[in-house]
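Trainee: Input: one structure, supplied below.
The values are calculated or read from the model by the stated rules, or taken from the named source; none is laboratory data. Computed from a predicted model, the values in this text were never measured in an experiment. With ideal geometry, Cβ positions are generated from the backbone for all residues, glycine too; neighbour counts draw on all protein chains shown.
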Amino acid sequence: MIETILQKEQLSHADLCTLLATKDRRDMDALFAAAYQTKLKYVGNKVYYRGLIEFSNVCTKDCYYCGIRSSNTNVLSFNMSEDEIVEAAIWTWKNRYGSVTLQSGEREDADFTDFVERLILRINEETNNELGITLCIGEQEREVYERWFAAGSHRYLLRIETTNPELFAKIHPQDGNHNFERRLACIKTLQEVGFQVGTGVMIGLPGQTIEDLANDIMFFKAHNIDMIGMGPYIVSSDTPMGQEVLAAGGNSAKAKRERFLLGLKMVAVTRLYLKDVNIAATTALQALNPVGREKGLQAGANILMPIVTTEGYRENYQLYDEKPCVEDTADECKDCLAARVTSVGDEIGFGERGDSPHFFDR
Ligand code: SAM
Ligand code: SF4
C-alpha cells in the first residue's frame, strides 16, 4: 500500500497518517528513499550550515518540557556578552558557514530587545553583511520584529510546538503567559514583516497522536512556512513533563527508538508534502541516535545547525538530558559534521546562505 501512496502527486490527511504510522522496516526505507529523491529534485544535495549561538538561558516562560524553564533552579543562569556573541559569529563567518542562528530563552524587556538589535547591527558590520542571520528568540511585539528585521536579520524560527490547541494547553502552564493564539499570531506577523519564517513541532509528546502530526504537516503548508525545524521530544528530568514520562516508564530504549523513528518519518513526510522548503536535521535527532543527523539528511533534511556557543556556556543550555556536542569545541563540531555530511553523499554549501527556495516562490 505504501508504494501506491508514494507515487501520488497529492497526499491526503489519511495518506500522511499511513506513512507516519508505518513500522515496517522496508516501508520506512522506501519512504526515506522517496523523500531523499524529492529533496534532490527540489532543493538539491547541498547541506547548509547555521552556526547556532545559544546566547542566554534566561527565560520568562515555564514550558513544562524545557530544561531551561524559569522554575528550574538547578540551572546556572548565563548571558554571553556582546563581544563573545560577535566573536562566535565572526568564527562562523571565517569558517564559511553561510549563516548564524541566535537562540535564547524568551524575554521581552527593552534591555534585551535593544541588546539583540545592537547585536544584529554589529554582526552585520563585522562580517560585511555576508552572514545570513536567523533569530530564534520567541514571541515579541510587532515593533520589535520590525526593528530586528530592519537591523539586518532575515529569518526567524518560532516553533508552534503542536498545532493541537488542547495539547498546547496541556504542555504549557495556563498562566496567561503561554498562549497558542499569540504564538500563531506571531508567525503571521513575522511573515508580514518580511522574514523567511520557520516553525516546527516536538514529535512524540505525551498525548500526541499520529493525526495531530499529520495536521502539523498540513499546517506548515497551509501557513506557507519556508523552513521547518522539528525534532523528537526528549526527556529533561528537571521538568514536570520529564518526571511524568519517567514515572510512567515512557523513556525506555524502545520508547526512545520509537520517538526517533517518528522524528525521521516526520522529516520524510514533510519533505514529500512541502517539497521546496528547508528542513533541519536537528540536534534532538542525534541525542536519540549517534547517527541521527545523517539519518535526517537521508530522510530529506538539508540544513544542519552546528553548535558554536562558546565553551563553558554549553552545559547550561540543556533543554533536555543527554544533549550531544556539549563537551565539544566549535572546531571539533565542524570536523565531525563535515564527515557526517559526506558519508551520506551530500555536500556542504560552504559560504552560501542557502535560503529556502519556497520563500522566493510564495
Ligand atoms: N525560547 C524560544 C522559543 O521557545 O521559541 C527559543 C528557544 S527554545 C529552547 C527552542 C526550542 O527548543 C523550542 O521551540 C522547543 O521546541 C525545543 N525544546 C525545548 N525543550 C525540549 C525538549 N525537552 N525536547 C525537545 N525539544 C525541546
Ligand atoms: Fe523558554 Fe523556549 Fe524553553 Fe519555553 S521552550 S521555557 S520559551 S526557552
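Trainee: What pairs can you find where one residue is in segment 192-209 and within 24 Å of Phe359 (Cβ to Cβ) and part of a loop (DSSP other than H, G, I, E, B), the other is within 15 Å of ligand 1 (Cβ to nearest atom) and among the aromatic types (Phe, Trp, Tyr), and their Cβ atoms are less than 7 Å apart, with a gap of 6+ or different chains?
Mentor: Cβ pairs passing all conditions: Phe195/Tyr156.
Trainee: Just name the residue that is nearest to Lys221 (Cα to Cα) out of those in segment 338-359 that are without any contact (Cβ under 8 Å) to a residue 60 or more places away in the chain, surrounded by 14 or more Cβ atoms within 10 Å (Cβ to Cβ) and among the hydrophobic types (A, V, I, L, M, F, W, C).
Mentor: Val344
Trainee: Oh, and also: Given Gly300, Gly296, which one is buried (at least 24 other Cβ atoms within 10 Å of the Cβ), closer than 21 Å to Thr134 by Cβ, in contact (Cβ under 8 Å) with a residue 40 or more places away in the chain and in contact with a strand residue (DSSP E or B) (Cβ under 9 Å, 6 or more places away or on another chain)?
Mentor: Of the residues listed, the single one that is buried (at least 24 other Cβ atoms within 10 Å of the Cβ), closer than 21 Å to Thr134 by Cβ, in contact (Cβ under 8 Å) with a residue 40 or more places away in the chain and in contact with a strand residue (DSSP E or B) (Cβ under 9 Å, 6 or more places away or on another chain) is Gly300.
Trainee: For segment 217-242, give me each residue that is away from ligand 1 (no atom under 12 Å from the Cβ) and not in a strand (DSSP E or B).
Mentor: Selection gives Ile217, Met218, Phe219, Phe220, Lys221, Ala222, His223, Asn224, Ile225, Asp226.
Trainee: Quick test of your reading of the structure: Val277 fulfils all but one of (1) within 16 Å of ligand 2 (Cβ to nearest atom); (2) crowded, with 24+ Cβ neighbours inside 10 Å; (3) of a type in the set (Val, Ile, Thr). Name the failing condition by number.
Mentor: Of (1) within 16 Å of ligand 2 (Cβ to nearest atom); (2) crowded, with 24+ Cβ neighbours inside 10 Å; (3) of a type in the set (Val, Ile, Thr), only one is false for Val277: (1).
Trainee: Right, something else. State the number of residues belonging to segment 297-340 that are closer than 12 Å to Ala281 by Cβ and more than 15 Å from the chain's Cα centre (by Cα).
Mentor: Count: 4.
Trainee: Residues that are of a type outside the set (D, E, K, R) and closer than 20 Å to Ser356 by Cβ: list the strands (runs of 3 or more DSSP E) wholly contained in segment 57-157 that include at least 3 such residues.
Mentor: So the answer is 99-104, 132-136.
Trainee: Could you please find all residues in segment 222-239 being crowded, with 19+ Cβ neighbours inside 10 Å and either among the aromatic types (Phe, Trp, Tyr) or more than 13 Å from ligand 2 (Cβ to nearest atom) (or both)?
Mentor: Of everything in segment 222-239, those that are crowded, with 19+ Cβ neighbours inside 10 Å and either among the aromatic types (Phe, Trp, Tyr) or more than 13 Å from ligand 2 (Cβ to nearest atom) (or both) turn out to be Ile225, Asp226, Met227, Ile228, Met230, Pro232, Tyr233, Val235.
Trainee: Contact list please: Cβ distance under 6 Å, first residue in segment 58-70 and free of Cβ contacts under 8 Å to residues at least 24 places away in the same chain, second residue of a type in the set (A, V, I, L, M) and within 7 Å of ligand 1 (Cβ to nearest atom), pairs at least six apart or on different chains.
Mentor: none
Trainee: Something else: Can you tell which of Asn177, Asn164, Asn224 is more than 18 Å from the chain's Cα centre (by Cα), over 20 Å from Lys295 (Cα atoms) and modelled with pLDDT of 95 or more?
Mentor: Asn164
Trainee: On the given criteria, is Gly242 among the small types (Gly, Ala, Ser), over 28 Å from Asp276 (Cα atoms) and surrounded by fewer than 15 Cβ atoms within 10 Å (Cβ to Cβ)?
Mentor: no
Trainee: Residues of segment 243-252 being within 16 Å of ligand 2 (Cβ to nearest atom) and either in a loop (DSSP other than H, G, I, E, B) or closer than 21 Å to Pro324 by Cβ (or both), which ones?
Mentor: Result: no residue meets the conditions.
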